[in-house]
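For reference, the structure discussed in these notes is given below.
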Amino acid sequence: MGTDIYDIPFKRMDGSSTSLAQVLDGDRDQVVLVVNVASRCGLTPQYAALEDLHKRYAERGFTVVGFPSNQFLQELGSNEAIAEFCSTTYGVTFPVMDRIRVNGRRTAPLYETLKRTPDPGGHDGRVRWNFEKFLVLPGGQVRRFEPKTVPDDPSIVSVIEEHLPR
């Protein structure tokens, strides 16, 4: 088996290197919702539901991690602009990382791993659009949800609740 999903490096907005293990302070029993986000997309209002989920479950060991991507040509031009947009428009408190590529030759290594998991409709591989969601469960198991599945959809919330401590 390759590198553990928790140890795959990626960059924060400030350019420093991190990983899911570091974001979770080493606690691999937490649940993480990884989402490729964009500021100028019809699905951008999902930021509000992502933030609500993050706040609702954070104390029980859940976090959202956003990865801005401009592969669908709907993201702002700099990390500073993205951070300001997230903060002022949606009050985002969950971590938003450096802009990445989710498809193609220079796909971020974390996304190479995440994309191997099929969604409930059987789609794996290429990320189809902004706001595709990947739940990383304790132990590194991944569940994938299509972009139009809203973050607070019962199909996502039930999996989060099932894997968090009571």
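The values are calculated or read from the model by the stated rules, or taken from the named source; none is laboratory data. Please read all numbers here as calculations on a predicted model, not as lab measurements. Backbone-built Cβ (ideal geometry, glycine too); neighbour counts: all protein chains shown.
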Scanning segment 115-166 for residues that are basic (Lys, Arg), within 16 Å of the chain's Cα centre (by Cα) and surrounded by fewer than 17 Cβ atoms within 10 Å (Cβ to Cβ) gives Arg116, Arg126, Arg128, Lys148
Are there helices (runs of 4 or more DSSP H) fully within segment 53-166 with at least 2 residues that are of a type in the set (Val, Ile, Thr), at pLDDT 95 or above and on the phi > 0 side of the Ramachandran plot? List them.
none
Go over the candidates Thr93, Thr88 one by one and state the one that is without any contact (Cβ under 8 Å) to a residue 40 or more places away in the chain and surrounded by fewer than 15 Cβ atoms within 10 Å (Cβ to Cβ).
Thr88
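Can you name the residue in segment 96-114 that is of a type in the set (S, T, N, Q) and in contact (Cβ under 8 Å) with a residue 12 or more places away in the chain and is also surrounded by the most Cβ atoms within 10 Å (Cβ to Cβ) among such residues? Give the steps one after another, and end with the answer.
Filtering segment 96-114 down to residues of a type in the set (S, T, N, Q) leaves 103, 107, 113.
Restricting the remaining residues to those that are in contact (Cβ under 8 Å) with a residue 12 or more places away in the chain gives 103, 113.
Numbers: Asn103: 17, Thr113: 19.
The extreme case among them is Thr113.
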How many of the residues making up segment 59-74 are under 27 Å from Gln30 (Cβ atoms) and in contact (Cβ under 8 Å) with a residue 12 or more places away in the chain?
10
Residue list for segment 124-162, filter: charged (D, E, K, R) and touching a helix residue (DSSP H, G or I) at 6+ places or on another chain (Cβ under 6 Å):
Arg143, Asp152
